[in-house]
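What follows is a single structure, written as C-alpha cells, with notes after it.
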Amino acid sequence: MNPVLQVLDIKKHFPVKGGLFGTTVGQVYAVDGVSFHIDRGETLSLVGESGCGKSTVGKAVLRLFPLTAGQVVLDGTRIDDMSAGALRPLRRKIQVVFQDPFSSLNPRMKVRDILAEPITNFGLARDAADVDRRVAELMDKVRLPRDAVNRWPHEFSGGQRQRICIARALAAEPDLIVCDEAVSALDVSVKAQIVNLLQDLQSELGLAMLFISHDLAIVEHMTHRVAVMYLGRIVEVAKKRDLFATPRHPYTEALLSAVPVMEPGAARDRMILKGDVPSPIRPPPGCHFHTRCPYAFDRCRKEEPKLVATGDGHLAACHLHDLPEAENPLLNKAAPMASRAA
Ligand code: SF4
C-alpha cells in the first residue's frame, strides 16, 4: 500500500532582494533536501527550533507555494506540479490546523456555517438535512455541544476554538491533517486535552498526521515517529520510542536534554548548545550543525553527512556513526533516556 504522503527531496529557497534595484543578492535555504513519508493511521512529528524550516515543509505539503525542487506525492499522485484546477478535487484530502485558533476562524460566520462550508464546497452532502447531520456529528467528534453550532467564534475559549478548527478540518473527510504548532498557543491543561482529542480522532478515523512542533514534550505524547530538522534539513528520523531512548544525533540529544523527565529518579544531563542557529542565507559548510556541536571534528567542517540507517528504521546524519562503535560518544553513554523508553 502506498504511504498517504511521500515527500521526496524537497527544496524551498527564497530569494533575498537587495541593492538599489531590488535584485536578487542571495537565497534563504529554508528547506534544503527533505524526504519522509507518512502511512495511513500514522503521526509523523517534525520538530526543531524556530526557523529550522519545519513550517515551510508543512506549507510545501499544503501546496501554498511552488517548490524549488523535489516532489510531493499524495496517495500515489504527484501534486507539487499540478495546476490549481487539477489540484482542486485533491485539496479535500489534505487539511490543516494552524497555531492560532483566534485568527483561523472567520468572526462573521457562525460555527454551523464554518463547518458546513467544506461539506458543501467538496460536495460531500446529499442535501441540507445531510449537511446538518454531518455538522452535528462533527460537534460530537470534537466533544462540543451540538447546540453550540449557533454561536459565533468569539463566544468560545481558545481550546474550544481549536476544537472547531479540528472539526472544520475533519469536515472535508481528509486523508492527511497537517497540524502546524496546533497546540502551541494553548494553556498547558488545554494542550493536553487537544492532544488527547487528536490522538483519539486519529485512531478512530485512521488519519495520517503531520504534527509540526517545537515542543518535544508534547510530541512524546502523541506521535509514532519523529523527524528532527536543523537548518533546512532532517538530521534524524526514528520511531518515537527509539528517538527518545537513544538519540543518534547530537542536536536531538541537546533538544531532548531540555525535556523534563516525569518518572521519579529519572534524570538527564542538560546539554546547552553554544551560539545561535546560523543564518539560513549562509549555512555553514559541511555539517550545518558543526558550529554548535560539542563533538565536531575536522571532517564535520568539510563534508555534509548523509542521512543513513543506524538501526531498525532509525536514520541519522552524523559522521560519528562512521567511527568504530567504541569511539562513538553517542553510543557510549549511561543511557540517560532509558527510563523514558518504556
Ligand atoms: Fe556533530 Fe560532526 Fe555529527 Fe555534525 S557530523 S552532528 S558536527 S559530530
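The values are calculated or read from the model by the stated rules, or taken from the named source; none is laboratory data. The shown structure was predicted, so the numbers you read here are calculated from the model rather than taken from an experiment. All Cβ positions, glycine included, derive from the backbone under ideal geometry; neighbour counts span all protein chains shown. Keep in mind that these areas ignore ligands, DNA and RNA; they rest on the heavy atoms of the full protein, side chains included. Shrake-Rupley method; radii C 1.70, N 1.55, O 1.52, S 1.80 Å.
General observations
So that you can scan it fast, the table gives a plain yes or no per residue for (1) open to solvent by 20 Å² or more (accessible area, probe 1.4 Å); (2) modelled with pLDDT of 95 or more; (3) under 20 Å from V195 (Cα atoms):
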position	(1), (2), (3)
V47	no, yes, yes
F65	yes, no, no
T68	yes, yes, no
L87	no, no, no
K93	yes, yes, no
F98	yes, no, yes
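- Within region 312-337, tally of residues that are open to solvent by less than 80 Å² (accessible area, probe 1.4 Å) and either at negative phi or part of a helix (DSSP H, G or I) (or both): 16
- Contact map, region 246-262: first residue closer than 15 Å to C318 by Cβ, second residue of a type in the set (D, E) and within 15 Å of the ligand (Cβ to nearest atom), Cβ cut-off under 7 Å, separation 6 or more or different chains; pairs are P247/E236; P247/E253; R248/E236; H249/E236; T252/E236.
- Considering (1) touching a Leu at 6+ places or on another chain (Cβ under 6 Å); (2) β-branched (V, I, T); (3) open to solvent by 70 Å² or more (accessible area, probe 1.4 Å), the lone condition that T120 does not fulfil carries the number (1).
- Every condition in (1) open to solvent by less than 60 Å² (accessible area, probe 1.4 Å); (2) over 23 Å from V277 (Cβ atoms); (3) part of a loop (DSSP other than H, G, I, E, B); (4) without any contact (Cβ under 8 Å) to a residue 60 or more places away in the chain holds for G41 except the one numbered (4).
- Some residue of region 150-171 being among the acidic types (D, E) and exposed (fewer than 15 other Cβ atoms within 10 Å of the Cβ): yes
- Qualifying residue in region 8-30 (condition: open to solvent by 60 Å² or more (accessible area, probe 1.4 Å) and among the acidic types (D, E)): yes
- Selected residue [in a loop (DSSP other than H, G, I, E, B) and among the aliphatic types (A, V, I, L, M)] from A185, A167: A185
- Test: residue in region 275-289 that is surrounded by 16 or more Cβ atoms within 10 Å (Cβ to Cβ), farther than 23 Å from S35 by Cβ and touching a helix residue (DSSP H, G or I) at 6+ places or on another chain (Cβ under 6 Å): no
- Lone unmet requirement of (1) in contact (Cβ under 8 Å) with a residue 40 or more places away in the chain; (2) among the small types (G, A, S); (3) open to solvent by 10 Å² or more (accessible area, probe 1.4 Å); (4) farther than 17 Å from R40 by Cβ for S213: (3)
- Reported count of residues in region 89-122, each being in a loop (DSSP other than H, G, I, E, B) and out of contact with any Gly (no Cβ under 6 Å at 6 or more places or on another chain), is 15.
- Considering the conditions (1) more than 8 Å from the ligand (Cβ to nearest atom); (2) at pLDDT 90 or above; (3) over 25 Å from the mean Cα position of the chain (by Cα), S279 is excluded by exactly one of them, (3).
- Residue within region 71-80 that is under 22 Å from Q162 (Cβ atoms) and of a type outside the set (A, V, I, L, M) present: no
- Taking (1) within 15 Å of the chain's Cα centre (by Cα); (2) in a loop (DSSP other than H, G, I, E, B) in turn, L198 satisfies each apart from (2).
- Among the conditions (1) under 23 Å from the mean Cα position of the chain (by Cα); (2) at pLDDT 90 or above, P260 misses just one, which is (2).
- Residues being open to solvent by 40 Å² or more (accessible area, probe 1.4 Å), assigned to a loop (DSSP other than H, G, I, E, B) and within 15 Å of the ligand (Cβ to nearest atom) are entirely absent from region 250-272.
- Hits in region 286-337 (condition: closer than 13 Å to V235 by Cα and more than 9 Å from the ligand (Cβ to nearest atom)): K306, L307, V308, A309, T310, H314, L315
- Given (1) more than 15 Å from K141 (Cα to Cα); (2) open to solvent by less than 10 Å² (accessible area, probe 1.4 Å), index of the condition V188 fails: (2)
- Among the candidates E181, E137, residue that is over 12 Å from L198 (Cβ atoms), of a type outside the set (K, R) and touching a strand residue (DSSP E or B) at 6+ places or on another chain (Cβ under 9 Å): E181
- Search result, residues across region 292-302 that are touching a helix residue (DSSP H, G or I) at 6+ places or on another chain (Cβ under 7 Å) and either in a loop (DSSP other than H, G, I, E, B) or crowded, with 20+ Cβ neighbours inside 10 Å (or both): C293, P294, Y295, C300
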